[in-house]
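The values are calculated or read from the model by the stated rules, or taken from the named source; none is laboratory data. Quick caveat: nothing in here was measured; it's all calculated off a predicted structure. Using ideal geometry, Cβ is built from the backbone for each residue, glycine included, and neighbour counts are taken over all protein chains shown. The accessibility values were calculated without ligands, DNA or RNA, using every heavy atom of the protein model including side chains. Shrake-Rupley method; radii C 1.70, N 1.55, O 1.52, S 1.80 Å.
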Amino acid sequence: MTDRDAGRVDRFRILLVEDDDGDALLVEELLYDTDLPHTLTRCRTAAEARGALAAHPVDCVLLDLHLPDASGVETVQAIEPDTQAAIIVLTGLDEPRAGVDALAAGAQDYLVKGKVEPDLMQRAVRYAIQRKQAERANAALQIGRLRAEENARLERGLLPEPLLSSAVVTTSSRYYPGRAQALLGGDFLDVVQTGDGQVHAVIGDVSGHGPDAAALGVCLRIAWRALTLGGHRDQHLLTLLEQIHIAERTGSDLFATCTLITLDPAAATLTLHLAGHHEPLLVTPDGTRQVTAAHGIALGIAPGLGKWTPTTLELPPRGGLIVYTDGLIEGFADSTEARLGVEGLLRIIDTIDDPDPGAHLDRLIARTRTLNADRHTDDLAVLRLDWDTGRVPSAGRSPER
C-alpha cells in the first residue's frame with residue numbers, strides 16, 4: 001500500500017463539480033471549517049471535470065447532480081468511469097431518492113445541501129475515500145482469483161499427468177510463467193507410453209504470451225496425445241500437428257516450435273524430431289552434453305513445406321534426456337548483458353550433484369533464475385526423461401508398475 005492508501009495523507013485532493021457559485025462557496029466554507037487537510041479544485045461541467053480528472057487524479061469528487069451538461073444519475077455515470085476517486089453527490093432537499101439512486105450508479109456517499117455540518121462533511125469525505133479503496137482492493141482480489149482459476153485450468157491442459165505404465169522410464173517436469181502472477185504462455189509438454197512399450201514425449205512453445213498462445217498450446221498438446229495414441233508417428237504426425245496449428249491459431253504470425261521424442265527401452269534407442277526447437281541434453285554417468293540432431297522448420301512458418309528428418313541415438317544403459325523451452329537459456333548469465341546460452345547451462349549442470357531428477361531440475365532452474373534476476377521474462381518449461389534399460393522386462397514378463 002502507498003502512504004496515501006494507508007491513511008497517512010498529507011493533503012486530500014478534492015474536486016468540486018458545481019455550476020452554482022453560491023453553492024460552491026458554501027461547500028468551500030464547509031471544507032474550510034473542518035480540520036481536513038485538503039486542496040480544492042472546482043469545475044462547472046461534467047465535461048470539464050473529466051478533463052481535470054484525466055490531467056490530475058484526485059482522492060474525492062464532490063458532485064452536484066444538476067449540471068449544464070448532465071442531470072440526475074447520469075452525472076455520476078458521466079464521471080465514474082473516468083476516475084479512481086471516491087464520489088460524493090450533492091443533492092437538494094426535494095430529492096429524497098436522488099442520493100440512493102446515485103449510490104446504485106457507483107457513488108460512495110451523498111450529502112443533502114443545507115443539512116451538512118463541518119463534522120459531517122469531514123466524516124463523509126474520509127469514509128468515502130476509504131470505501132472506494134476497499135472496493136478497489138476487493139476488485140483486485142477478484143481479478144487475482146479469476147487469474148488463478150484460469151491459470152489452473154490452462155495448466156491442466158498444458159501440463160497433464162503422463163500416461164506412463166513402466167518403471168523403466170521416469171519423468172520429471174517443471175513450468176514457470178515469465179512474470180509473477182502472469183497468465184501461462186504457450187509452452188506445453190506431454191508423455192505417453194503405447195502398447196508396444198515405447199515412450200513418446202513432446203515439448204513445444206507457441207510464440208507469444210497470454211490466453212491465445214496458451215489455448216493454442218493446449219490444443220496442440222491434446223492433438224499430439226490423441227494422434228500418438230492413434231498410431232501416428234514422425235513426419236506424418238508433425239504434418240498433422242501443423243495442419244491443426246494453422247486451423248486453430250488466431251493470427252497468421254503465430255508459430256510453434258516442438259521436439260518429438262520416441263524412446264524404445266527394448267531396442268535401447270531414442271529418436272528425435274526437431275521442429276525449430278533446441279537440441280536436448282543427454283545426461284550420462286560420464287557427464288552431460290548437447291545432442292547433435294537434424295533440424296526442421298517450426299510449425300506454421302511455411303505451411304506444407306516442412307521436412308523433419310529423424311535423429312536416432314543409441315541409449316546408454318542408464319541416463320536421462322533434458323528438453324526445454326528457450327526461457328531456460330535466453331536469460332542473462334551475470335550482471336552484464338551476456339545471455340546464458342547452452343554452454344552456460346552446461347556449466348551450471350556440471351556443478352549440480354543430485355541423483356534425484358526432480359531435485360536436480362529444481363536446483364538447475366533456481367540457479368538460472370537467480371542469474372537472470374527477472375530481466376528476461378519468457379516462460380520456462382523443462383521435461384526430463386530418465387531410463388534404466390537394465391530394468392526392461394524379459395520376454396513373457398509383464399512390465400513393472
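Scanning for something modelled with pLDDT of 85 or more, surrounded by 12 or more Cβ atoms within 10 Å (Cβ to Cβ), more than 30 Å from Asp386 (Cα to Cα) and under 27 Å from the mean Cα position of the chain (by Cα), does the stretch 137-148 turn up at least one residue? Yes, because at least one residue in the stretch 137-148 is modelled with pLDDT of 85 or more, surrounded by 12 or more Cβ atoms within 10 Å (Cβ to Cβ), more than 30 Å from Asp386 (Cα to Cα) and under 27 Å from the mean Cα position of the chain (by Cα). On the given criteria, is Asp187 open to solvent by 10 Å² or more (accessible area, probe 1.4 Å), at pLDDT below 95, closer than 17 Å to Phe255 by Cα and charged (D, E, K, R)? Here the answer is no, as Asp187 does not meet what is asked. Among the residues of the stretch 55-77, those that are part of a helix (DSSP H, G or I), modelled with pLDDT of 90 or more and in contact with an Asp or Glu (Cβ under 9 Å, 6 or more places away or on another chain) comprise Thr75, Val76.
Gln193: among the polar types (S, T, N, Q), buried (at least 16 other Cβ atoms within 10 Å of the Cβ) and within 17 Å of Thr311 (Cβ to Cβ), yes or no? Break it down into steps so the answer makes sense when it comes.
Working: among the polar types (S, T, N, Q): yes; buried (at least 16 other Cβ atoms within 10 Å of the Cβ): yes; within 17 Å of Thr311 (Cβ to Cβ): no.
Against the criterion (among the polar types (S, T, N, Q), buried (at least 16 other Cβ atoms within 10 Å of the Cβ) and within 17 Å of Thr311 (Cβ to Cβ)), Gln193 does not qualify.
Taking the stretch 256-352 and the strands (runs of 3 or more DSSP E) fully enclosed by it, the elements with 3 or more residues that are under 25 Å from Arg221 (Cβ atoms) are at 256-264, 269-275, 281-284, 311-314, 318-324.
Can you report the number of residues in the stretch 251-271 which are within 24 Å of Ala293 (Cα to Cα), in contact with a helix residue (DSSP H, G or I) (Cβ under 9 Å, 6 or more places away or on another chain) and buried (at least 16 other Cβ atoms within 10 Å of the Cβ)?
Total meeting the criteria: 8.
Picking from residues in the stretch 78-122 that are in a helix (DSSP H, G or I) and among the acidic types (Asp, Glu), the one that is nearest to Leu53 (Cα to Cα) is Asp82.
For the stretch 48-93, the set of residues classified as touching a helix residue (DSSP H, G or I) at 6+ places or on another chain (Cβ under 8 Å), among the small types (Gly, Ala, Ser) and more than 27 Å from Asp10 (Cα to Cα) consists of Ala70, Gly72, Ala78, Gly92, listed by residue number. The number of residues in the stretch 81-107 being without any contact (Cβ under 8 Å) to a residue 40 or more places away in the chain, in contact with a strand residue (DSSP E or B) (Cβ under 6 Å, 6 or more places away or on another chain) and either open to solvent by less than 10 Å² (accessible area, probe 1.4 Å) or of a type in the set (Asp, Glu) (or both) comes to 4. Each residue in the stretch 283-314 was checked for being under 25 Å from Leu364 (Cα atoms) and buried (at least 19 other Cβ atoms within 10 Å of the Cβ), and 2 of them qualify. Just one of the numbered conditions (1) surrounded by fewer than 22 Cβ atoms within 10 Å (Cβ to Cβ); (2) under 27 Å from Val168 (Cβ atoms) is not true of Pro280: (1).
Let's see how each residue does on (1) open to solvent by 70 Å² or more (accessible area, probe 1.4 Å); (2) touching a residue at least 40 places away in the same chain (Cβ under 8 Å); (3) aromatic (Phe, Trp, Tyr); (4) farther than 21 Å from Ala139 by Cβ:
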position: Ala47; (1), (2), (3), (4): no, no, no, yes
position: Ala52; (1), (2), (3), (4): no, no, no, yes
position: Pro57; (1), (2), (3), (4): yes, yes, no, no
position: Leu67; (1), (2), (3), (4): no, yes, no, yes
position: Ala70; (1), (2), (3), (4): no, no, no, yes
position: Val76; (1), (2), (3), (4): no, no, no, no
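Tell me whether the stretch 50-63 contains one or more residues that are under 25 Å from Glu29 (Cβ atoms) and either of a type in the set (S, T, N, Q) or more than 39 Å from the chain's Cα centre (by Cα) (or both). Checked the stretch 50-63: no residue is under 25 Å from Glu29 (Cβ atoms) and either of a type in the set (S, T, N, Q) or more than 39 Å from the chain's Cα centre (by Cα) (or both). When the residues of the stretch 225-250 are filtered to those that are open to solvent by less than 20 Å² (accessible area, probe 1.4 Å) and without any contact (Cβ under 8 Å) to a residue 60 or more places away in the chain, the one that is nearest to His273 (Cα to Cα) is Leu237.
Selection of first residues in the stretch 161-178 that are over 22 Å from Arg363 (Cα atoms) and of second residues that are modelled with pLDDT under 85, restricted to Cβ pairs under 6 Å at least 6 apart or on distinct chains, gives the following pairs, ordered by first then second residue: Ser166/Pro399; Ala167/Glu400; Val168/Arg391; Val168/Val392.
The set of residues in the stretch 97-127 that are modelled with pLDDT of 90 or more, under 33 Å from the mean Cα position of the chain (by Cα) and either more than 30 Å from Pro37 (Cβ to Cβ) or small (Gly, Ala, Ser) (or both) contains only Ala107. If you go through the stretch 197-224 and keep only what is open to solvent by less than 10 Å² (accessible area, probe 1.4 Å) and in a helix (DSSP H, G or I), you end up with Ala213, Ala214, Leu216, Gly217, Leu220, Trp224.
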